[in-house]
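Okay, so here's the structure we're looking at.
Please treat every number below as a calculation from the coordinates, not as lab data. Computed from a prediction, not measured in an experiment: that's the story for all the values here. Here the Cβ positions follow ideal geometry from the backbone for every residue, glycine too, while neighbour counts run over all protein chains shown.
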Amino acid sequence: MKFLCQIWFDTEKSKLVPQTEWDALTQECIISDNRWRESGHLLVALALHDPSTAITVRLRNGEAFATDGPFAEIKEHLGGFLLIEAETIEEARTIVSSFPILKYCSIEVRPTYSIEDGK
């Protein structure tokens with residue numbers, strides 16, 4: 001079973017972390033990600049740029065249009081995501097609990113399904 005793991009940062013608190021600390025954490029995450037990739041559990045791991053670099057696409061009157069960034073002021077922002085393979089949500093939780101980034105964020109673990117078969 002596949003699980004989408006969304007990495008949520010407290011926007012204000014994450015700004016207070018020194019760059020040297022982020023750099024060290026990045027190296028820890030690379031090592032952790034490689035270990036889980038080798039075991040076959042980690043399928044995709046990507047970080048996201050700051051929300052200010054985003055656009056939001058919506059359909060209005062049958063036409064797609066884009067606006068800068070998210071509309072709402074948010075206390076947390078999505079900083080990245082992982083797609084993992086696990087037998088159960090409990091196994092997914094165990095895997096996610098070992099990620100070094102967890103010291104700085106919360107990680108939402110959500111089961112996925114194929115819209116073609118509804119499972």
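Grab the beta carbon distance between Glu87 and Ser14, set R0 = 41 Å, and tell me the FRET efficiency rounded to 0.05. Walk me through the intermediate numbers first.
Details: r = 32 Å, r/R0 = 0.79.
For Glu87 and Ser14, the calculated efficiency is 0.80.
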I want to check the label-to-label distance for Ser52 and Ser97. Put each point 7 Å from Cα in the C-beta direction and report it in nm to one decimal.
3.8
Label model pair Ser106, Arg35: point-to-point distance (7 angstrom along the Cα→beta-carbon line) in nm is 2.6
How big is the chain on each of its three principal axes, counting only the C-alpha atoms and giving the largest first in Å?
47, 46, 20
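With a cut-off of at most 15 other beta carbons within 10 Å, and DSSP calling the residue loop, which GluC sites (Glu not before Pro) in region 43-94 qualify? Please list them. Don't skip to the answer; put the middle values down first.
Details: sites: Glu63, Glu73, Glu76, Glu85, Glu87, Glu90, Glu91; in loops: Glu73, Glu87.
Here the GluC sites (Glu not before Pro) that fit, given the DSSP loop and packing criteria, are Glu73, Glu87.
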